[in-house]
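What follows is a single structure, written as structure tokens, with notes after it.
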Amino acid sequence: MDEVYSELVQSQVELEQKNAELEEARQFIDSVVAAMTDVLIVCDRSGRIEQVNRALERLTGQSGKSLAGQPLEVLLAPGQEPLFDELRSKLHGGVGLGDCEVSFIDSTGTPTLLSMSCSSRCDHKGRFVGLVLIGRPVGELRRAYTELAAAHQDLRQAQKQLVFSEKMAALGRLVAGVAHELNNPISFVFGNMHALKRYGGRLTKYLQAIDRGESPDQLLKLRNSLKIDRILLDVGPLVEGTLEGAERVSEIVQDLRRFSSSQTEPLENFNVSRVVRTAISWVVKTTRIKPEVVLDLPDRLEVVSRRGPVHQIMVNLVQNAIDVMAEQPEPKLVVSGAREGQWVVVRVRDFGPGMSAVVMKRLFEPFFTTKPIGKGTGLGLYVSYGLAEELGGQLDGANHEDGGAVFTLRLPAQEVPDAEPSR
Ligand SMILES: Nc1ncnc2c1ncn2[C@@H]1O[C@H](COP(=O)(O)OP(=O)(O)OP(=O)(O)O)[C@@H](O)[C@H]1O
Ligand SMILES: [Mg+2]
């Protein structure tokens, strides 16, 4: 009897011990579930809620007790009702479910998007007994992402505007140079047209004499006095010259349009030598200082790029080079260009004071300028650097070993050297 009693006591002690362990395990699991910031929903095989965690209670404003036994659908936003059946059939089909997005009704009655992962729950015999859903609200994340994307877009727009403003400012400075460039061919065209007008008058006079049926002697006299034969020889070259002048005007206008356009042109093959020459002449004709310009440029130097930005970069480099030589007794600008492997390299060298270590470090920073207020914006090199990168090229600045600064622009060379040459 004593033995039976002591066994009973022993079992009782063991049972209490197991019970305490069980209670401890339950508390441990409860504390983990309660600490989860993701929402947790456990459903039975018919989609009825068995258990939820605190994160879900906070999100929906409903207690776990009131939700227990209710169908999962009570938590979902309208239109999401077939969710449980869909999830169940997918999980039954052996398809594991990673993230899917599900809309829940939150405590304020508004739909909130959750990124859900879902797994099936099985009993100890491996039979399907329900689903476990774990989700995280993505609304905040998405809103933050949308705001970030909008800010990024605004920034890009502002930067585009900056490039354009810088270009417009440069254009303002260049107007005198461009006017000068235009003046030459236009006066040429004018002169030729006046000559052609005079020639037209004389030819008309001569034709009228023929129509009147004047004698061959008189006609010959008239032909000599009106210099008809010289006119006939002159007309061809005059027309040719006029056309050339008109073409030059049209080229300058095209350059101007390209330079001032806010549109991005497509990449194209072109001769960068011509763009470099035009940029130098526009700047040099505008500045008070007239440097000696030494050009070491082949007639043709083919690149794959965009004329407008290349022109803008060259204008900035040449303008800077001339600015730093304001006090030089003999300012000199050396511009060279050559193909170096896959690059076409254009170097702009001046004979100014060169750059200190501090200037060199901050050269491409926006708004960095050592010029007096009102003279420089400090955007020239910043914008040029960005443009060079956008063109798949590079821009560097350094001091030349023999004094002065040298800026090097690298642009992608045309791949097939003997391809159809561009204009
Ligand atoms: N060739 C050069 N030699 C020496 N210093 C230079 C040279 N080019 C640029 N710098 C220095 O870099 C600074 C920035 O040049 P950047 O072209 O960006 O602006 P900026 O010429 O001052 O103004 P802007 O916006 O009108 O071009 C200049 O103020 C100057 O101090
Ligand atoms: Mg500048």
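The values are calculated or read from the model by the stated rules, or taken from the named source; none is laboratory data. Model, not experiment: these values are computed from the prediction. No Cβ is skipped: glycine too gets one built from the backbone with ideal geometry, and neighbour counts run over all protein chains shown. Calculation scope for accessible area: heavy atoms of the full protein, side chains included, ligands and nucleic acids excluded. Shrake-Rupley method; radii C 1.70, N 1.55, O 1.52, S 1.80 Å.
The value for segment 161-263 of Rg(Cα) / (2.2 N^0.38 Å) is 1.74.
Take every Cα pair under 8 Å whose residues are at least 6 apart in sequence, average their separation, divide by the length of the chain, and the relative contact order is 10 percent.
When Rg is the radius of gyration of the Cα atoms in the chain and Rh is its Kirkwood radius, what does Rg/Rh come to?
Values: Rg = 41.8 Å, Rh = 30.2 Å.
A ratio of 1.38.
Solvent exposure of residue 32, expressed as accessible area, is near 70 Å², computed with a probe of 1.4 Å over the protein chains only.
Loop-located GluC sites (Glu not before Pro) across segment 198-298 with a Cβ neighbour count of 15 or fewer within 10 Å are 214, with loop assigned by DSSP. Among 303, 334, 239, the sequence by solvent-accessible area, most first, with a 1.4 Å probe is 239, 334, 303.
Computed from Cα positions, the angle between helix 2-35 and the longest principal axis of the chain comes to roughly 20 degrees.
Run the helix sum for the chain: -39,500 (n - 2.57) per DSSP H stretch of 4+ residues, divided by residue count, reported at 222 nm to the nearest 500 deg cm²/dmol. Kindly include the intermediate steps, with their values, before the conclusion.
Details: 11 runs with 221 residues, N = 423.
Helix contribution divided over all residues of the chain: -18000 deg cm²/dmol.
Annotation for residue 101 and residue 175: the two label points, set 7 Å from Cα along the Cα-Cβ direction, are 5.2 nm apart.
If 6, 384 are ordered by their accessible area, calculated over protein heavy atoms with a 1.4 Å probe, which sequence runs from highest to lowest? Intermediate values should be presented prior to the final figure.
Values: 6 65, 384 0 Å².
Output order, biggest surface exposure first: 6, 384.
Return a whole-number percent for the relative contact order of segment 266-423, with Cα pairs under 8 Å and 6 or more residues apart as the contact set.
Working: 297 pairs, mean separation 40.8, N = 158.
This gives 26 percent for segment 266-423.
If N is the number of residues in segment 341-414, what value comes out of its Cα radius of gyration divided by 2.2 N^0.38 Å?
Working: Rg = 13.2 Å, N = 74, 2.2 N^0.38 = 11.3 Å.
With N residues counted in segment 341-414, Rg over 2.2 N^0.38 Å equals 1.17.
Using a simple spin-label model with pseudo-atoms 7 Å out from Cα toward Cβ, residue 14 and residue 371 lie 9.5 nm apart.
Loop-located GluC sites (Glu not before Pro) across segment 362-404 with a Cβ neighbour count of 15 or fewer within 10 Å are 401, with loop assigned by DSSP.
Are there trypsin sites (Lys or Arg not before Pro) in segment 269-320 that DSSP puts in a loop and that have at most 15 other Cβ atoms within 10 Å, and which ones?
Sites meeting the loop and neighbour criteria: 288, 300.
Taking a straight line from the alpha carbon of residue 290, these lysines sit under 21 Å away, with near neighbours fewer than eight places off in the same chain left out: 332, 371, 375.
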